[in-house]
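Below: one structure, written as structure tokens.
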Amino acid sequence: LAAVITIDGPTASGKGTVAHRVAKALGWDVLDSGALYRLTALAAINQGVAADDEAGVARVAETLDVRFDGPHVYLEGADVGHDIRREEVGNFASRVAAFPGVRQALLERQRAFRVPPGLVADGRDMGTVVFPDASLKVFLVADVVARAERRRKQLIEKGISANLDDLLRDMRERDARDTERATAPLAPAADAHVLDSSDLTIAETVQAILDFWQQ
Ligand code: C5P
């Protein structure tokens, strides 16, 4: 089996950017598992399936027609890279991610990304559930204010103004849903390195992970 580095952590901890850079440095593939939950959410919204319809959303996840091609993500052939980043889609994803049937439907799909020479997998349960035998597990944390400020900067760069208090409230709600759910709650694996990036740049965070890997 190919090597896997897992990077788990709460929302806006910088996992996505860090995972892509670590993968690039190693010449490996990357799995953005959150994108699969967001794609499930978008497909459910498009099909008029409600967020509290567990069986309906699980069926959507089972039959998801998606393709990843570099930075592009396709749902039923349409490029939805921007659509899946909408707040509405993220909130729907965060709600349906609590359903065991949805998580089960996405499990093998995630494992299929594990191909040589290696995979950097980013998510919430990569080290605990999806790749428990990963070669290196990182749990990336940052305090909630640092994360809300990062999210606000990203939104401003996209020309969207955002209120810090709203972002903080939203982030705390999402953290609570991720950590308090019964199935695959957000928590570091017993053998994970917990890395606090509150006071680190992206480059320093990437380097810290590459240092763990080379140890
Ligand atoms: O990381 P991202 O914000 O794109 O993930 C969207 C949602 O999908 C999260 O709020 C989280 O609830 C869920 N998720 C999950 N397990 C993963 C990745 C994401 O439950 N491995």
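Computed from the coordinates by the stated procedures, all read-outs in this text should not be read as laboratory data. In this text the structure is predicted, and so the values were computed from the model without any measurement. When we count neighbours, we look across all protein chains shown, and the Cβ atoms used for this are built from the backbone with ideal geometry, even at glycine.
Applying the set (1) crowded, with 23+ Cβ neighbours inside 10 Å; (2) part of a helix (DSSP H, G or I); (3) of a type in the set (Gly, Ala, Ser) to ALA25 leaves exactly one unmet item: (1). Return the only residue of GLY127, GLY81 being under 16 Å from the mean Cα position of the chain (by Cα), surrounded by fewer than 20 Cβ atoms within 10 Å (Cβ to Cβ) and either near the ligand (Cβ under 10 Å from one of its atoms) or not basic (Lys, Arg) (or both). That would be GLY81, the only listed residue that is under 16 Å from the mean Cα position of the chain (by Cα), surrounded by fewer than 20 Cβ atoms within 10 Å (Cβ to Cβ) and either near the ligand (Cβ under 10 Å from one of its atoms) or not basic (Lys, Arg) (or both). Close Cβ contacts (under 6 Å, 6 or more residues apart or on different chains) running from residues in the stretch 10-37 that are more than 16 Å from GLN214 (Cβ to Cβ) to residues that are within 12 Å of the ligand (Cβ to nearest atom) and of a type in the set (Lys, Arg) comprise THR11/ARG174; ALA12/ARG147; ALA12/ARG151. Within the bounds of the stretch 44-64, is there any residue that is in contact with an Asp or Glu (Cβ under 6 Å, 6 or more places away or on another chain) and either more than 22 Å from ALA208 (Cα to Cα) or outside any loop (DSSP other than H, G, I, E, B) (or both)? No: zero hits. Does ALA187 meet the test of being farther than 27 Å from PHE212 by Cβ, more than 11 Å from the ligand (Cβ to nearest atom) and assigned to a loop (DSSP other than H, G, I, E, B)? Judged against the criteria, ALA187 is not a match. Please find, within the stretch 157-176, the residue that is farthest from the ligand (Cβ to nearest atom) out of those that are surrounded by 17 or more Cβ atoms within 10 Å (Cβ to Cβ) and in a helix (DSSP H, G or I). Applying the filter and picking the extreme gives LEU168.
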